[in-house]
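No value in this document is a laboratory result; all are computed from the given coordinates. Keep in mind that this is a model prediction, so the values were computed, not measured. Counting neighbours? That spans all protein chains shown, and the Cβs are built from the backbone with ideal geometry, glycine included.
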Amino acid sequence: VQKHQNQIIAIDGPAGSGKSTAARLLAPRVDFLHVDTGAIYRTLTLLAIEGNIDLDNQQALAALVPQLNISFKTASDRILVFSGDREVSNEIRNPELTAQVHFAAASPLVRQALQPLQRSFAVSHSVVMEGRDIGTVIFPDADLKFFLDAPLKSRAERRWRELQAKGEKISLQEVEADQTARDKNDTDRQTAPLRAAEDAIVVDTGLYDIDGMVEELERIVRSKLAIPAGAEEQS
Ligand code: C5P
């Protein structure tokens, strides 16, 4: 039996655009693996902080990459992130760590070192991979590329509500300021800046509720890709 070629759906976009939620809900509908590449940059930053490594030291950060052993598990309402056996899902998302991830993200050395790791997820699975540079750098030949975007206000509100639900004490203004700073870092950096690939389908997530957005993405996926039988249409 000839093995089906693995397929790749890239989902890029700024912080709070809803791409994580979209990727998490879309992936099981088409029976693809969801890979959250932001979690990889975050886990690397966590390991560096715990190892007292200077986040400004690109060589030292890149030297941690071979130690990364990241896996994902989809829970009912979120994706769980594991570093080896250790679940790091909460630690990697706290606002203090989030504010430090730009060191790893801005480093050409680190980004280079993380490329094979990110590509390796697609060796054994069809993937929905979300990040900032998936359609431009990691998988420029992805079968389908989405770029999700929404106005800053609605992205900040979305992220603020998520943090509130987790009991984080942070104001909407602070979240908006953090997000603006992160967007600027991601957009202005030299290496792999955040931008839509030329062949990406741009979706304004502000126009949909979550269910509507996932349905729209699934509709596009099914119209463009041959999804193997077994990934039943859900309604
Ligand atoms: O997506 P998430 O907000 O978890 O990503 C955390 C940070 O990691 C982003 O602010 C961005 O700087 C960086 N990142 C990146 N390239 C990716 C994914 C994330 O630079 N593909």
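Where does the charge balance sit around Ser89 when Lys and Arg score +1, Asp and Glu -1, over other residues with C-beta under 11 Å from its C-beta? Charge balance in the 11 Å sphere: +3. In the elastic network of the chain, a GNM with C-alpha springs shorter than 10 Å, the most mobile of Ala181, Ala62, Ala23 is Ala181. Connecting C-alpha atoms closer than 10 Å in a GNM of the chain, tell me which of Ile220, Ile79, Ile92 has the biggest fluctuation. Per the Cα network of the chain with a 10 Å cutoff, Ile220 tops the list. Evaluate E = 1/(1 + (r/R0)^6) for Ile210 and Thr74, where r is the Cβ-Cβ distance and R0 equals 25 Å; express this FRET efficiency to the nearest 0.05. Result of the calculation: an efficiency of 0.95. Between the C-alpha center of segment 29-99 and that of segment 127-181 there is a gap of 16 Å. Taking each DSSP H run with n ≥ 4 as -39500 (n - 2.57) and averaging over every residue of the chain yields -14000 deg cm²/dmol at 222 nm.
Per-residue Karplus couplings for segment 63-74, computed as 6.51 cos²θ - 1.76 cosθ + 1.60 with θ equal to phi - 60°, are listed in order as 5, 7, 4, x, 7, 5, 9, 9, 9, 10, 10, 8 Hz, Gly and Pro entered as x.
Computed over the alpha-carbon pairs of segment 94-235, the distance histogram in 5 Å steps reads 2, 8, 15, 17, 19, 18, 13, 7, 2, 0 percent, short to long. Legend: calculated FRET efficiency, Phe82 to Ile170, from the Cβ-Cβ distance at R0 = 35 Å, rounded to 0.05, equals 0.85.
Between beta-carbons, use under 12 Å as the cut-off and find the net charge around Arg24, counting Lys and Arg +1, Asp and Glu -1. Summing Lys and Arg as +1 and Asp and Glu as -1 gives +1. Put a dot 7 Å past the Cα of Ala99, heading toward its Cβ, do the same for Glu50, and the two dots end up 2.2 nm apart. Distance from a point 7 Å along Cα→Cβ of Asp188 to each backbone N in segment 143-167: keep the residues under 20 Å and list them by number. Counting backbone N atoms under 20 Å from the label point, the list is 152-153, 156.
For Lys73, the aspartates and glutamates whose Cα comes closer than 20 Å to its Cα, not counting residues fewer than 8 places off in the same chain, are Asp31, Asp36, Asp85, Glu87, Glu91, Glu130, Glu162. With a simple spin-label model that places each label point 7 Å from the Cα along the Cα-to-Cβ direction, the separation between Asn6 and Asp31 comes to 1.7 nm. To make sure I understand the rule: partners must be lysines, Cα under 30 Å from the Cα of Lys153, and not fewer than 8 residues away in the same chain. Which ones qualify? The qualifying lysines are Lys19, Lys145, Lys166, Lys169, Lys184.
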